[in-house]
Amino acid sequence: MKKNSYLMILVFVVIAAIYNIVLFSTREEYTSVFWSAYGFTMLALIVATITYPVAFKGEKYSAFLNVPVTLAVTTYFFSQLLLGIILMLISDLSIVFANVLQIVALALFLIIAISGLIGKNVIVEEEQEIRKKKLYIKSLTTEIEGLIEMVSDAEHKKMLTDVYEIIRYSDPMSHQSLDNIEQKIAAKVSALVEMVGIGNINGMDEKCTEVQQLIADRNRKCKSLK
């Protein structure tokens, strides 16, 4: 992604270099409309060269969501480039009309770009919230996995494996209304960790049963929330 963004910047720079060489080697008269068109075109170039590295910065998922913004800035740059050339070719054109036309083009781009960024931010925030909600079950399965490895006898290993399986296939999404029961489950799992850690496995079967019952209760409540 980053390599592609730098390649696009290089494309813009090459186009700008060719544009400037051809423009100033063939133009003899520089009107106010000419400088207006030239200024807006260079502004479009600067916006494009800044947007690409910023858009592709960070993780791939976030960069992918910025694709609409990069498409918008690319479209704006080439549209402004073409519009600027047309305005320069029209003699006796009002500077006010030229400015308004180019400001409208810039405004349309900004509206599209800002809308794209807002949409991207909403999606990223939702994704982060989903990750947080899934973290609870993931952390429990990790805890139980560690206990299974620590226990040596087959009987208790089977108990913990059963707990692991019911947690693993539980609804991964948490909810605020599940806080109370999830705290109870976490406390029971912590008690199991402590028991195994000190080598006291007496009563482990009872704790495993309690965890399974609480998880089953949580799963029922998860279904009622959907």
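Pairing residues of the stretch 71-95 that are at negative phi and of a type outside the set (Lys, Arg) with residues that are surrounded by 13 or more Cβ atoms within 10 Å (Cβ to Cβ) and not in a helix (DSSP H, G or I), at Cβ distances under 8 Å and at least 6 apart in sequence or on separate chains, gives LEU87/LEU93. Scanning the stretch 176-202 for residues being in a loop (DSSP other than H, G, I, E, B) and either surrounded by 15 or more Cβ atoms within 10 Å (Cβ to Cβ) or β-branched (Val, Ile, Thr) (or both) gives a total of 2. Test SER152 against the criterion of being exposed (fewer than 15 other Cβ atoms within 10 Å of the Cβ) and part of a helix (DSSP H, G or I), and give yes or no. No; evaluated as a whole, the condition is false for this residue. Within this structure, ASP205 fails the test of being modelled with pLDDT of 85 or more and over 33 Å from the mean Cα position of the chain (by Cα). Taken over the stretch 163-175, the criterion of being surrounded by 14 or more Cβ atoms within 10 Å (Cβ to Cβ) and charged (D, E, K, R) is satisfied by ARG168, ASP171. Looking across ALA44, ALA48, ALA17, one residue alone is surrounded by fewer than 16 Cβ atoms within 10 Å (Cβ to Cβ) and either touching a residue at least 60 places away in the same chain (Cβ under 8 Å) or within 16 Å of LEU81 (Cα to Cα) (or both). It is ALA17.
The values are calculated or read from the model by the stated rules, or taken from the named source; none is laboratory data. Because the structure is predicted, anything quoted here is derived from the model rather than measured. All Cβ positions, glycine included, derive from the backbone under ideal geometry; neighbour counts span all protein chains shown.
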